[in-house]
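Asks: Dropping a structure here in structure tokens format, bear with me for questions.
Quick note: the coordinates plus some simple rules give every number you see, no bench work behind them. Treat the numbers as computed from the prediction; the structure is a model and nothing was measured. Neighbour counts are summed over all protein chains in view; Cβ atoms, including those assigned to glycine, are modelled from backbone coordinates with ideal geometry.
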Amino acid sequence: MTKTHLGKVLVAAVSAILVGVLATPVSAGTSGISLKGQAGRFNTTTFQALGNSTDAQASWTNKVALDGKFSMFLEKTTNDQFAFAAAVVDGVEGRTVGSLGDLAFSFTGVCNGGSPRFNLFFDTNGDGQADGIVFLGCNNVTLTPAGAPGWQTATFPNALIVAGGVGGSCYDFNNPATCSVSASSTVTSLSVLIDIVGSNNIDRVTVAGVATGEPNGD
């Protein structure tokens, strides 16, 4: 595994571990799905739950929106490869990967390699612990206009997700040589994150045919 891929795995692991630690809970609305912001860093020895800082931040803003009045603003200003900002999708834990349907998010700013991207953690043996992760980067699919100036959408068909993403985008914690994600695998965590210096607004995060992008989940 390359240094870059390893960095993605470690940063992705932070996102899963910090779920519920850094974010302010919000109502899930009628769909049961909502977003919450997280920011943090992994160093060589410990996981650091830093919250918003001058290095990275994830927060709601009403200055820019695609739908409704809000979007999630993600920003990273440090070259530390282990810092990240994320919009965690709440309400999908325990669902099957197949039930997620096609995943999508809309964003402003630059698609910088695999940032922003979905990080999807999955459980294959039913013990409730993640057995692997699928990286679904904005560079893995053809982006489409989102219907408003400056916005574009990345859509990931469920068949692509179950196939393990694109190329080496799937990593199995138990057997790195093989990725065993399937439609029946259980979701343990899902987030849209950036780990490259820059900023993006995230909106219209679509899961199981439902789009969310407001603090109340609607």
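Asks: What are the semi-axes of the equivalent ellipsoid for the stretch 77-218, taken as the square roots of 5 times the Cα gyration tensor eigenvalues, largest first, in whole Å?
Replies: Equivalent ellipsoid of the stretch 77-218: 24, 17, 14 Å, largest first.
Asks: Multiplying the sequence separation of SER182 and SER59 by 0.36 nm and subtracting their Cα-Cα distance, what value in nm do you get?
Replies: Working: separation 123, 0.36 × 123 = 44.28 nm, distance 3.24 nm.
Extra length from SER182 to SER59 when fully extended: 41.0 nm.
Asks: Based only on the alpha carbon positions, what is the Kirkwood hydrodynamic radius of the stretch 74-144, in angstrom? Present the calculation step by step, with values, prior to reporting the outcome.
Replies: Values: mean 1/r = 0.0708 Å⁻¹.
Final number for the Kirkwood radius of the stretch 74-144 is 14.1 Å.
Asks: What aspartates and glutamates does LYS63 reach when the alpha-carbon gap must be under 14 Å and sequence neighbours fewer than 8 apart in one chain are set aside?
Replies: ASP203, GLU214
Asks: Order of LEU143, LEU190 from fewest to most other C-beta atoms within 10 Å? Provide the component values of the computation, followed by the final result.
Replies: On the way: LEU143 14, LEU190 29.
Going from sparsest to densest Cβ surroundings: LEU143, LEU190.
Asks: Bin all alpha-carbon pair distances of the stretch 166-218 at 10 Å intervals from 0 and give each bin's fraction as a whole percent.
Replies: 16, 37, 34, 13, 0
Asks: What list do you get for THR212, THR153 if you sort them by fewest beta carbons within 10 Å?
Replies: Result, fewest neighbours first: THR153, THR212.
Asks: Spelling out what I want: for every residue of the stretch 74-81, take phi, set θ = phi - 60°, compute 6.51 cos²θ - 1.76 cosθ + 1.60 (Karplus), and round to whole Hz; glycine and proline get x.
Replies: These are the phi-based 3J(HN,Hα) values: 10, 9, 10, 10, 9, 7, 4, 5 Hz.
Asks: A further question on this structure: For the stretch 123-183, rounded, prolate or oblate, judged on the Cα gyration tensor with a ≥ b ≥ c (square roots of eigenvalues), a/c < 1.5 rounded, else prolate if a/b > b/c?
Replies: Values: a/c = 3.06, a/b = 2.43, b/c = 1.26.
Cα axes put the stretch 123-183 in the prolate bin.
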